[in-house]
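Here's the structure we're looking at; comments come further down.
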Amino acid sequence: MHMADALLSPAVGGTMWAASSGTIAYCSAKVRKELDDRKVPLMGVLGAFLFAAQMINFSIPGTGSSGHIGGGLLLTILLGPHAAFLTVASVLVVQALFFADGGLLALGCNIINLGFFPAFVAYPYIYKKIAGERPGPARITAAAIVAAVAGLELGALAVVLETVLSWITSLPFSTFVLLMLPIHFAIGIVEGVVTAVVVTFVHKARPEILQGAMEARPVGIHPVRNVLLAFLAAATLTGGVVSWFASADPDGLEWSIAKVTGKDELKGPDHGVHGMLAALQEKIAFLPDYTFRKSEETKNVEPGPESGAGPTAGEKKEEGGKLGTSVSGIVGGLITLAIVFLTGFLLKRRSGVA
């Protein structure tokens, strides 16, 4: 559900940049009160895990489409809404800047769509109500599936509204929304199951992590080393190896656009704000579309994808090979880990926490 710049006007993109920046500032102020020596590493490792997990597109049977987890709900259950939003935002910034996954103009939209709705709507109003204060595996599973579907559906609806309000594409609201919502409903069910499995594991290993997130307090004195190592190993394995087997089908947003327009991609303006941001992203992204940068000769023969749109998962794998995918998964995870660690360190310094 990473939006491309081609879908957005500068007015809508700028408005969502402002909204996401304000939410990041608000969450930063809140997180300063929750941080301790254990929560910062947990944020970093979970950010690296989410980066790797989002590389794995799974097929939606009978549709010709695929999806990947958004991860916002999972991180919110484990970290709390404010820390989770900052971590999701960090992942999306890394993806947009260094891997050209999602447009720079669309970055604010992507942060709100994938971070805000799971953290501040689905988690407090759905997950917590169903799971209760002392959830067991059955209640965790039910709560995760319902909340994941709701969060993803709200994000998909927001994509449609942001696109239609931009008035730079020919995508009609009724047709677009009737494609986006059902396909993301299916993706949300899978995300809910994955979330339930991971949360159940953490609940059995260290239930105080979930309780701390629910009560917006530090993790405390309880050791979380084994949980950190488990997520770090999962991030490395997922980004380095499992990413080879990502589905070759277009994701839910790409699939919906193709169904409406008959085109795999939409071409955005090559001038003004769009052109400037496309040129900037091309310079910064050193592993565009999760593979090695093409040589100038190859670019001249094969025109690359529009900025922020990107090829499908299968095209990425064919062009860059398994090595490029593995390097992207591991390097991206490390960059995310470093950025989240740095963010946590700076917030701790400002709060005066030792």
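The values are calculated or read from the model by the stated rules, or taken from the named source; none is laboratory data. These figures come from a predicted structure and were not determined experimentally. No Cβ is skipped: glycine too gets one built from the backbone with ideal geometry, and neighbour counts run over all protein chains shown. What goes into the accessible areas is simple: the full protein's heavy atoms, side chains included, and nothing from ligands, DNA or RNA. Shrake-Rupley method; radii C 1.70, N 1.55, O 1.52, S 1.80 Å.
Between residue 276 and residue 322, the contour length at 0.36 nm per residue exceeds the Cα-Cα span by 13.4 nm.
For segment 1-136, the solvent-accessible area with a 1.4 angstrom probe is 27 square angstrom per residue.
Please work out the FRET efficiency for the pair residue 142 and residue 63, using the Cβ-Cβ distance as r and a Förster radius of 30 Å; give the result to the nearest 0.05.
Working: r = 25 Å, r/R0 = 0.83.
The computed FRET efficiency comes out at 0.75.
Is segment 1-158 best put as rounded, prolate or oblate by its Cα gyration tensor, with a ≥ b ≥ c the root eigenvalues, rounded for a/c under 1.5, and otherwise prolate when a/b is larger than b/c, oblate when not? The shape class here is oblate.
If you take the beta carbon distance between residue 11 and residue 237 as r and set R0 to 56 Å, what does 1/(1 + (r/R0)^6) give as a FRET efficiency, to the nearest 0.05? Here the calculated transfer efficiency is 0.85. Between the amide H of residue 106 and those of 5, distances stay under 5 Å, these residues lying 5 or more places away or on another chain, with hydrogens modeled in the peptide plane.
For residue 270, the accessible area of its heavy atoms, probed at 1.4 Å with every protein chain present, is near 120 square angstrom. Measure up 39/204; 33/348; 259/322; 30/348; 204/348; 39/348 against 20 Å on the Cα-Cα distance and list the ones that go over. 259/322; 204/348, as the Cα separations exceed 20 Å there.
Can you sort 34, 282 by solvent-accessible area, 1.4 Å probe, largest first? Walk me through the numbers before you get to the answer.
Details: 34 10, 282 100 Å².
Of 34, 282, the descending order of accessible area is 282, 34.
Annotation: amide H of residue 66 within the under-5 Å range of 60, 251, 252, sequence separation 5 or more or interchain, hydrogens built in the peptide plane. Report note on the peptides 148-156, 59-67: ranked by the mean count of other C-beta atoms within 10 Å, highest first, their order is 148-156, 59-67. Taking all protein chains as they are arranged and a probe of 1.4 Å, the heavy atoms of residue 125 leave approximately 150 Å² accessible to solvent.
Counting every Cα pair in segment 91-172, what percent are over 18 Å apart?
54
Overall, the chain carries a charge dipole of about 1520 debye about its Cα centre when +1 sits on the Cβ of Lys and Arg and -1 on the Cβ of Asp and Glu, all other atoms neutral. Ordered from largest to smallest accessible area (heavy atoms of protein chains, 1.4 Å probe), the residues 37, 251 come out as 37, 251.
Within the set of other residues whose C-beta is less than 13 Å from the C-beta of residue 118, count the net charge using Lys and Arg as +1 and Asp and Glu as -1.
Details: positive: 128; negative: 153, 191.
Its environment carries a net charge of -1.
How large is log10 I(q)/I(0) at q = 0.13, 0.14, 0.16 Å⁻¹ when the Debye formula is applied to the Cα atoms of the chain, each weighted equally and without solvent? These q points yield log10 I(q)/I(0) values of -0.97, -1.13, -1.49.
Of the residues 261, 236, the one with the largest accessible area comes first in the ranking 236, 261, computed with a 1.4 Å probe on protein heavy atoms.
Leaving out ligands and nucleic acids, and using a 1.4 Å probe, what accessible area per residue does segment 158-269 come to in Å²? Intermediate values should be presented prior to the final figure.
On the way: 5400 Å² over 112 residues.
Per residue, segment 158-269 has an accessible area of 48 Å².
Element breakdown for the chain at a 1.4 angstrom probe: carbon and sulfur atoms account for 67% of the accessible area.
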